[in-house]
Structure formats: C-alpha cells, structure tokens
Amino acid sequence: MSIRQLNASYVPEEDRVLLRFTTDTQEEYRLWLTRAVVGALLEQSEGLVIKSLEGNHSVHQAKAVAQFRQQTLQQTVSYTQFVGAARFPLGAEPSLVKAVQTQFGTQGAEVVFHLARGQNLSLRLNDDLVDKLQLLMLKMNDAAHWVLRLADAVKPSASSSLQGAKAESSGVTELSEPGNPPPKVLH
C-alpha cells in the first residue's frame, strides 16, 4: 500500500497522540500512541535516518546530514487538510500501540507497531516518509509538552497533516514472537 496522507494530533483528555494515515486504496488506519511510544518512535526514526545515510557518509557526517534534512523538511513541507477514508481495516476506533520497533534492511526502513490486540502493523517506509513521520512526532512532543529527550532533533513548527509521502506495507499480521520489544515505560 502507498500512504497518501499522515495526520497526528495530541488529545489532552487521553494524554495520547492520535496517529492517522490514509492509503491510495482509500483505507484509514487510526493508532493511539502513548508518551513512551512517541519517545521510542522519535529515537528509532532518528536511527533509521542515520542508518540510511551511513552507506555514503561516516556516522558523524550522517548525523549532520540527517539534521540538515530535518531542518529543510521543516521549512519546505506542505500541510493540507486531512481527508479521511471510508474503510478502516483495524476498525473505526483507534488501536492502542503497546510498542514500536524499527529496522533498516535491504528493502529500506520498516516500522512495526505492536498493537494491544495482539496484532502487528508493519510499514515499509521510504526516506521521505521516515523524515515526515519524525517531524510529526517532534510536533506532537511539543504540543503535549512531554519534554522527551531528543538527541540532535530539530524543533518543529506549524500544522500536523502531511501529504504526498509513499510507503510500502506488508499489512497487519498476527503477533508471533516480537523479538525484543522496547522496554515498558510508565508515565
């Protein structure tokens, strides 16, 4: 599937982030992200960006290029009104994400959301979409006033719907052995 639009909003009543994305096949996915999951996603997405750049740069250079890319994206990204879809493969109610894992392989970046229902939602992301997802999570950290520790991250500004990014996804699969999920953090 290709992601058509990403949207994130902080919901104070829930103290969570509602992450929504639509696909080119007119499907919408809705996920609840806790403070711990947003923090893990920020940290891991930064690692994905650096890993993708290490093929052509040293680690130090990769970090600098990643930071420059994030600053450039922040200044050039186009924000649009989020347009929902009619089909909800995970249901109309948002699914709680218990943990997130990322990896960078031969086919690019992969983000796996471990859902509270015992399912995984796995997305293959291109560099542009990883950058945009990271920017949205930075904005949500700011909106929630969570003050998550951000290594060399760039501070965000403005709205929270991004359009035009593409991603490949292997869809939703049953949860088997998730490997080593990130440690649980209470907030």
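Structural remarks
- Derived scalar couplings ³J(HN,Hα) [the stretch 32-49; Karplus, 6.51 cos²θ - 1.76 cosθ + 1.60; whole Hz; x for Gly, Pro]: 8, 10, 7, 4, 4, 5, 4, x, 5, 5, 4, 4, 6, 5, 4, x, 5, 4
- Under-5 Å amide H pairs with Lys98, H placed in peptide plane, nonlocal only: His114, Leu115, Ala116
- In Hz, Karplus ³J(HN,Hα) per residue of the stretch 6-22 (6.51, -1.76, 1.60; θ = phi - 60°; x = Gly, Pro): 10, 8, 9, 8, 7, 10, x, 4, 9, 6, 9, 9, 9, 9, 10, 8, 10
- Loop GluC sites (Glu not before Pro), the stretch 29-100 (other Cβ atoms within 10 Å of the site Cβ: 10 or fewer; DSSP): none
- Close amide H contacts of Phe88 (hydrogens built in the peptide plane, cut-off under 5 Å, sequence separation of 5 or more or a different chain): Glu28.
- For the stretch 86-137 and the stretch 3-67, distance of Cα centres in Å: 8 Å
- Spin-label model, Ser2 to Thr80: label points 7 Å out along the Cα-to-beta-carbon direction sit 1.2 nm apart.
- Listed from fewest to most Cβ neighbours within 10 Å, the set His57, His145 follows the order His145, His57.
Readers should treat all values here as calculations from the given coordinates under stated rules, not as data from a laboratory. Keep in mind that this is a model prediction, so the values were computed, not measured. Heads up, the Cβs are rebuilt from the backbone with ideal geometry, glycines too, and the neighbour counts pull from every protein chain shown.
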